[in-house]
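Participant: Here it is: the structure, laid out below.
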Amino acid sequence: MKYVYVLTSTEKDLYYEQCLMSVFSLRHYMSEAEIVILTDNKTFETFTGKREEIKKYVSDIVSVDFPETAGNVERSRVLKTTIPEHIKGDFLFIDCDTIICESLSDIEKIDYPIAAVLDGHVPLSEHKHKDYFLKREKKMRYTGTAMQGFHINSGVILYRDGEKAREFFKKWHKLWEYSFRVKHDHHDQGAFNEAFYNCGFGDTQLSGIWNCQISQGGLEFLEHAKIIHYFSSEAAGKNYISYYKLADRSIQQRIKENGSIPEDIQKMILNPKFQFTKVHLLNDKRIIPVLQSPLIFTLAEMKTKVPLVFNILESIVGGTRGLAKKLLKR
């Protein structure tokens, strides 16, 4: 079994540093594992100086040439959806924004041709991004997510080399090419779920311990988690407050400046289930369903950009609510 990462990166981003943390943690628990980086020619050329530390922890780096005009997003998605064309045999694909918590050798016991974990660890009916998924996939004329009643996360994928698995990747790549070049949507997960449905892989789901999405309901699986997925795309948001310390950009920036992982950060990586900052939890059943409402984000923008208007609105609403309570008590 190979353990495969897809990495496209420049010296301006932090994807290399995220990948370095993940392969460091994987190598710690699996000293003999075959860890492979699948990358593009431009990224490969940057693996010098402060960006060559990763070579200590991987078994092989496979570089694929792209036209000069191809951007990094395109390179990343093409590599991810064509892994079997460059890597032979069985593999476990792992996103770069992950931390490995223990040996992954138990994956050898699972013989599904293709398998992955539910996005958000919940069925579609309970997913907070349900409407977003369905709207985006309707644009692509995809029906997989709606028909199967769940959405799979493509951050960790088990691949068992064989006809069915190869067919899946060919279909996934073809669907992604359509979504990217025709519909101008770069996401790979919609195409993944459409291929997953079309190939009949509905019952080939991995336990949440293999892709513990800590910001999306993964705390249920944290105790026994083998892979923590912290979603670097969330951490990149300008208003995002990271509650997982290793997702913090300042931590990753220190690795970039150092060229290797400082000892204190190594200790954090090797104790991954306890790297949380102070958080404020909401457990009011009335509030949870509206947290993803456009109204919430509008109010947040208003408070930041026009605080006076927000304060006036808040006073009006507060006064109205107080009056309503008095009337109801009569």
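The values are calculated or read from the model by the stated rules, or taken from the named source; none is laboratory data. Values in this document were obtained by computation on a predicted structure and should not be read as measured data. Methodologically, a virtual Cβ is constructed for each residue, glycine included, from the backbone with ideal geometry; neighbour enumeration extends over all protein chains shown. The protein model used for the area step is the full one, side chains on, heavy atoms only, and it has no ligands, DNA or RNA in it. Shrake-Rupley method; radii C 1.70, N 1.55, O 1.52, S 1.80 Å.
Participant: Which of the residues spanning segment 169-191 are open to solvent by less than 40 Å² (accessible area, probe 1.4 Å) and within 26 Å of residue 131 (Cβ to Cβ)?
Facilitator: Of everything in segment 169-191, those that are open to solvent by less than 40 Å² (accessible area, probe 1.4 Å) and within 26 Å of residue 131 (Cβ to Cβ) turn out to be 172, 175, 176, 179, 185, 188, 189, 190, 191.
Participant: Looking only at segment 221-237, filter to residues that are modelled with pLDDT of 95 or more and open to solvent by 20 Å² or more (accessible area, probe 1.4 Å); which one of those is nearest to residue 136 (Cα to Cα)?
Facilitator: 221
Participant: What are the pairs, 6+ residues apart or on separate chains, where a residue within segment 257-270 that is touching a residue at least 24 places away in the same chain (Cβ under 8 Å) has its Cβ under 9 Å from a residue that is open to solvent by less than 30 Å² (accessible area, probe 1.4 Å) and not in a helix (DSSP H, G or I)?
Facilitator: These pairs meet every condition: 269/99; 269/100; 269/261; 269/275.
Participant: Could you check residue 99 against (1) within 17 Å of the chain's Cα centre (by Cα); (2) open to solvent by 30 Å² or more (accessible area, probe 1.4 Å) and say which number it fails?
Facilitator: (2)
Participant: Do we have any residue at all in segment 276-298 that's at pLDDT 95 or above and touching a strand residue (DSSP E or B) at 6+ places or on another chain (Cβ under 7 Å)? First the steps, then the outcome.
Facilitator: First, pick out the residues of segment 276-298 that are at pLDDT 95 or above: none.
Taking every residue of segment 276-298 in turn, none turns out to be at pLDDT 95 or above and touching a strand residue (DSSP E or B) at 6+ places or on another chain (Cβ under 7 Å).
Participant: So the check is Cβ under 7 Å with 6+ separation or different chains; which pairs have a first residue in segment 1-19 that's part of a strand (DSSP E or B) and a second one that's open to solvent by 40 Å² or more (accessible area, probe 1.4 Å) and not charged (D, E, K, R)?
Facilitator: So the pair list comes out as 7/15.
Participant: Can you tell me which residue is most open to solvent (accessible area, probe 1.4 Å) among those in segment 192-217 that are under 18 Å from residue 106 (Cβ atoms) and in contact with a strand residue (DSSP E or B) (Cβ under 7 Å, 6 or more places away or on another chain)? Outline the logic, then answer.
Facilitator: Within segment 192-217, the subset under 18 Å from residue 106 (Cβ atoms) is 204-212.
After this cut, where a residue has to be in contact with a strand residue (DSSP E or B) (Cβ under 7 Å, 6 or more places away or on another chain) as well, the list is 204-206, 208, 210-212.
Values: 204: 9, 205: 63, 206: 13, 208: 5, 210: 12, 211: 0, 212: 0 Å².
Restricting to residues being under 18 Å from residue 106 (Cβ atoms) and in contact with a strand residue (DSSP E or B) (Cβ under 7 Å, 6 or more places away or on another chain), the top hit is 205.
Participant: List the number of the failed condition for residue 156; all other conditions in (1) under 21 Å from residue 87 (Cα atoms); (2) in a helix (DSSP H, G or I); (3) β-branched (Val, Ile, Thr) hold.
Facilitator: (2)
Participant: So, one more: Just checking, does segment 179-190 include any residue being in a helix (DSSP H, G or I) and within 24 Å of residue 228 (Cα to Cα)? If you could, list the steps in order and put the result at the bottom.
Facilitator: Within segment 179-190, the first condition is being in a helix (DSSP H, G or I), and the residues that meet it are 179-181, 189-190.
Checking the rest, the ones that are also within 24 Å of residue 228 (Cα to Cα) come to 189-190.
Yes, the conditions are met somewhere in segment 179-190.
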